[in-house]
Each structure stands twice: as C-alpha cells, then as structure tokens.
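Here's the structure we're looking at; comments come further down.
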Amino acid sequence: MMNKISQTLIVSASIVSVCAASSLAAVTKPSSPSPTLRVTPAPKTKGSPSPKTTPSPSPQPSSHPAATRPLPFHGLIAAVDLKAKTFSVGKEKARVFKVTNRTVLSKAGAAATMKDAVVNEEIRGSYWKMADGTLEAKTVKLGPKTDAEKAADEKAKARKKEKENATEMNAMPSVSPSASTSPKP
C-alpha cells in the first residue's frame, strides 16, 4: 500500500515540475518552440473509491407538444358536450376534440364560446395530438368561411399558380445565341 502511494506522489511531483518548467520556458522565450513531453498517468487502483453518480431522470414529455406543428381539421359537428368542453367532428369515424383555456374559438370573424357550437354546423381549425392520445383544439372556426377568408384563399391559390408557372418557365430549355439560325452580318 505504501508503495502505491509513493508511486502516485512521484508521478504527481513529476507532472507539476514538467508543467512549471514548460510555463517558465514559455514566459522567458516566447518565440522558441517548447519541447513536447509526454507524461502517462499512474494506473488506477481497484481499491480507490469512485464517486457514486445517479443517472439523471429522462425528460418527461410535456403535456403540450410545442415543438410539433398543429394539424388541420374540418367537417361538420356531430356532437357537442358543454360539460366536458368537447365536440365531435365526422360521422363514421368521429374525432373528439377537447377545448381548453388555450383554444381560440371564433365565429364569423368574432370571438365565440362553446355555447355557439351547434350540431351539423361547419367547423374547421387546428389541433395537437397529445401524448395520451387526446386531441386538443388549438383554433376553432365555427360556421362557413367569411367573404374575407374566401378572398384570402383565392389570393393564395393565385400566388401558388403564378409560382408554379414561373418554375415551369425556368425549367424550359432556352435557346442559346450561338445556336441561332439567323445569318451573321
């Protein structure tokens, strides 16, 4: 045991002396390169106590998937439950959406409440799928699209069509001037 301790002290002392010598050489002669010294540390002994580390707990999935993008939905309201603050969209495969305090409800461009939701009314919006499988509504628009929404949709479609036409024009091969069939003057 005493032999291992003395070996450790000797290695530590040599490391300190090498570091001190190299730093002193660097201060006195900054322009000359210092020699490279290799010092190997003493091997670890099996009897040395190591600090106990506990693994950090894995991050729990948040109740609100902020990193994910909301998904769109649209259809007709099949059922409304004011007590549970939920509504269903669809007939055969009805999806149940939960309305929370973060949900933004609107009807004809104005703020709305759950009481404004009526069965067989048009509905559209976006939602998040939660970790437990529930669907949390982010935005809900009740009733048919307003004239302003229809105009915005038409404008977006026109811009998309223009963009597609522009990419098609850029994709067409152009005639180079050297391949021209006109006679040169």
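The values are calculated or read from the model by the stated rules, or taken from the named source; none is laboratory data. For clarity, every value in this text was computed on a predicted model and none was experimentally measured. No Cβ is skipped: glycine too gets one built from the backbone with ideal geometry, and neighbour counts run over all protein chains shown.
Laid out as a table, the results:
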item	result
Qualifying residue in segment 99-117 (condition: without any contact (Cβ under 8 Å) to a residue 12 or more places away in the chain and aliphatic (A, V, I, L, M))	yes
Test: residue in segment 119-137 that is surrounded by fewer than 13 Cβ atoms within 10 Å (Cβ to Cβ) and more than 30 Å from the chain's Cα centre (by Cα)	yes
Output for segment 97-150, where each listed residue is out of contact with any strand residue (DSSP E or B) (no Cβ under 8 Å at 6 or more places or on another chain) and of a type in the set (Ser, Thr, Tyr)	146
Failed criterion for residue 157 (all others in (1) outside any loop (DSSP other than H, G, I, E, B); (2) over 17 Å from residue 75 (Cβ atoms); (3) assigned by TED's automatic domain parsing to the domain that holds residue 91 hold)	(3)
Residue 52 at pLDDT 90 or above and either touching a helix residue (DSSP H, G or I) at 6+ places or on another chain (Cβ under 7 Å) or more than 23 Å from residue 145 (Cα to Cα) (or both)	no
Answer residue from segment 91-107, given it is within 16 Å of residue 75 (Cα to Cα) and either of a type in the set (A, V, I, L, M) or not assigned by TED's automatic domain parsing to the domain that holds residue 75 (or both) and is surrounded by the most Cβ atoms within 10 Å (Cβ to Cβ) among those	105
Leading residue by the ranking (modelled with the lowest pLDDT) among those in segment 105-117 that are more than 13 Å from residue 88 (Cβ to Cβ) and assigned to a loop (DSSP other than H, G, I, E, B)	109
